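The structure appears right after this line, and notes come after that.
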């Protein structure tokens with residue numbers, strides 16, 4: 001009686017493993033492919049063993065039993081041959097020439113064995129089977145069926161021991177050695193106990209263990225790859241951070257170096273325009289002023305875009321009444337339209353909800369200015385620009401404001417509208433405006449709108465114009481609260497509208513900037529002292545009587561002692577006014593990080609060059625008034 005239960009169990013195991021290995025292999029793993037072929041051959045051998053054993057148990061079909069018994073003897077060493085192929089692949093994974101050589105050496109004896117096994121029906125070399133189903137071992141049974149099988153397994157063991165250093169994973173050395181060792185024991189046990197079908201179940205178990213070690217190696221390799229990738233990513237991130245830091249440092253320096261001469265141009269132009277000039281000279285000065293402000297706008301766009309790409313935009317919200325927005329439009333946009341003979345229509349459809357939105361005035365104005373100035377730029381002379389504003393309350397405290405800007409300009413193609421908000425994108429057409437630009441304005445608008453959780457959309461047709469619709473949402477405060485704050489602010493300005501007689505210390509190393517600031521302050525009848533570096537400014541303050549200076553304007557980049565050091569030194573002096581005297585940074589450093597450095601050094605405010613005289617006067621008034629109240 002042949003016990004086929006072990007074959008059934010072995011086939012179940014082989015089918016499970018086949019299901020796993022026959023799935024699509026995304027990595028095109030050759031080792032997995034070879035192992036799959038080994039599995040298929042092992043399964044076929046197990047199936048033949050099962051069929052021949054079942055036929056032997058039935059004992060009533062001479063032809064088929066004879067046929068499958070021949071296949072059985074032929075297939076037994078083929079399994080060892082398949083494992084030898086896998087072993088050769090493990091030892092020489094990338095050396096095709098050596099793979100072919102050892103395949104020939106290892107498989108040639110198997111081919112000769114197969115020839116003898118298949119010829120058994122004619123030679124009776126392995127066995128003979130009478131018509132009445134009497135099985136008799138042939139003359140070559142022991143030397144070939146048992147001897148060759150055992151020697152073939154010994155050959156495999158020797159190969160494993162010889163090349164064990166080249167086998168990965170290392171656990172496969174043990175498993176392959178165990179496979180070939182078991183293959184020596186199997187024929188001995190099988191011949192002594194013919195009914196025990198232990199070969200296939202032994203091979204199935206060893207195969208599963210071998211496959212498990214391969215999977216473990218893959219996991220380990222994957223972990224190594226992940227660690228390497230993480231290390232590479234970290235290195236890339238560190239490199240990118242270093243590059244960004246270097247870029248920020250470069251832009252900061254460029255900002256300072258470019259703004260310093262522009263400050264001279266704008267400051268001197270401002271002072272020159274205050275003189276009694278001939279009409280032609282006044283015209284020239286106006287053009288210099290316009291060009292200088294345009295250049296400053298280009299620089300601001302580049303710096304703003306760089307800052308937005310690398311840093312989170314910080315919003316500073318405060319009450320922003322519609323009247324203030326109207327004043328901004330009249331002061332900044334309407335003159336641009338008048339210069340080109342364009343009509344500007346402002347259509348306010350604002351409902352009086354008795355509330356005032358809290359917005360970042362600077363950034364909201366930047367959005368509106370970029371959109372309206374683009375409309376002016378790309379609308380021919382005599383054209384029209386309309387600006388429609390609507391609002392609605394989303395709930396008791398949240399307001400939505402929609403800005404719709406329409407022009408009768410040259411319009412944009414559908415292709416360009418797809419990349420409209422990409423940095424540096426410009427549509428080059430013959431009918432485009434001759435006014436140059438950076439192509440950053442709309443990219444900045446997009447980032448600001450997104451930062452405010454708003455939306456922006458565009459509708460445009462070539463030759464007919466464009467419409468931009470920006471929707472922003474704001475928290476609000478009651479109008480009564482806003483009115484009280486405004487009244488307090490207006491009273492403060494009224495109480496301190498004149499700076500006459502105030503002693504101001506100006507710490508500035510650039511002679512032209514010294515002249516500009518000194519002249520601007522003296523126009524307000526301030527008494528000005530000038531120090532060419534921070535150390536000199538510190539000495540002048542120390543030598544002055546207490547409360548002599550009402551304010552200090554401090555440049556940041558100066559020789560001997562810079563403005564940050566000087567401010568810190570003044571704050572640490574052992575005199576009462578050292579802690580109360582207003583210190584205002586007045587510098588070409590324009591980044592938010594620079595503002596934070598100024599405050600950290602003990603300064604009260606930060607003014608960016610080129611100097612806007614009105615801004616300087618207003619800030620100086622405010623800090624002096626605050627200091628006076630604190631005293």
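None of the figures in this text is laboratory data; all of them are computed from the coordinates on show. Please read these numbers as outputs of a predicted model, since none were measured by experiment. Here the Cβ positions follow ideal geometry from the backbone for every residue, glycine too, while neighbour counts run over all protein chains shown.
In degrees between 0 and 90, to the nearest 10, how far off the longest principal axis of the chain does helix 511-523 point, with axes built from Cα atoms? Compared with the principal axis, the helix lies near 50 degrees.
The stretch between residue 274 and residue 162, if pulled fully straight at 0.36 nm per residue, gains 30.5 nm over its current Cα-Cα span. Taking every DSSP helix (H) stretch of at least 4 residues in the chain, weighting each as -39,500 (n - 2.57) and dividing the sum by the residue count yields a mean residue ellipticity at 222 nm of -20000 deg cm²/dmol.
Between the beta carbons of residue 317 and residue 226, assuming R0 = 51 Å, the FRET efficiency works out to 0.70 to the nearest 0.05.
Under the 0.36 nm per residue contour assumption, what length would be gained going from the current alpha-carbon distance of residue 30 and residue 215 to full extension? Before the final figure, lay out each step's value.
Numbers: separation 185, 0.36 × 185 = 66.60 nm, distance 1.37 nm.
Result for the pair: 65.2 nm of gain on full extension.
Kindly list the residues of the stretch 29-70 that lie in the label zone of residue 16, defined by a backbone N under 20 Å from the point 7 Å along the Cα-to-C-beta vector. Within reach of a label on residue 16, which here means backbone N under 20 Å from a point 7 Å along Cα→Cβ, the stretch 29-70 contributes 35-47, 50.
With R₀ set to 60 Å, the beta-carbon distance separating residue 98 from residue 475 gives a calculated FRET efficiency near 0.20.
Compared with the dominant Cα axis of the chain, that is its longest principal axis, helix 279-310 is turned about 30°.
Which of these values of volume of the Cα convex hull per residue in Å³ was calculated from the structure shown: [x] 243; [y] 172; [z] 301? Read-out taken from this structure: [z]. Length gained on full extension, residue 451 to residue 484: 8.9 nm, using 0.36 nm per residue less the C-alpha separation. Under the simplified labelling scheme, the residue 9-residue 64 pair shows an inter-label distance of 2.6 nm, with each label point 7 Å from Cα along Cα→Cβ. Computed from Cα positions, the angle between helix 534-543 and the longest principal axis of the chain comes to roughly 50 degrees. Which of rounded, prolate, oblate describes the stretch 496-630, given a ≥ b ≥ c as roots of the alpha-carbon gyration tensor eigenvalues and a/c under 1.5 marking rounded, otherwise prolate only if a/b is larger than b/c? Here the stretch 496-630 falls in the rounded category. Fewest-first ordering of 377, 98 by other beta carbons within 10 Å of each residue's beta carbon gives 98, 377. Here the residues 134, 158, ranked from fewest to most Cβ neighbours within 10 Å of their Cβ, fall in the order 134, 158.
Give me 476, 467 ranked fewest to most by other Cβ atoms within 10 Å of their Cβ, as a rough exposure proxy.
On the way: 476 23, 467 18.
Ascending Cβ contact count within 10 Å gives the list 467, 476.
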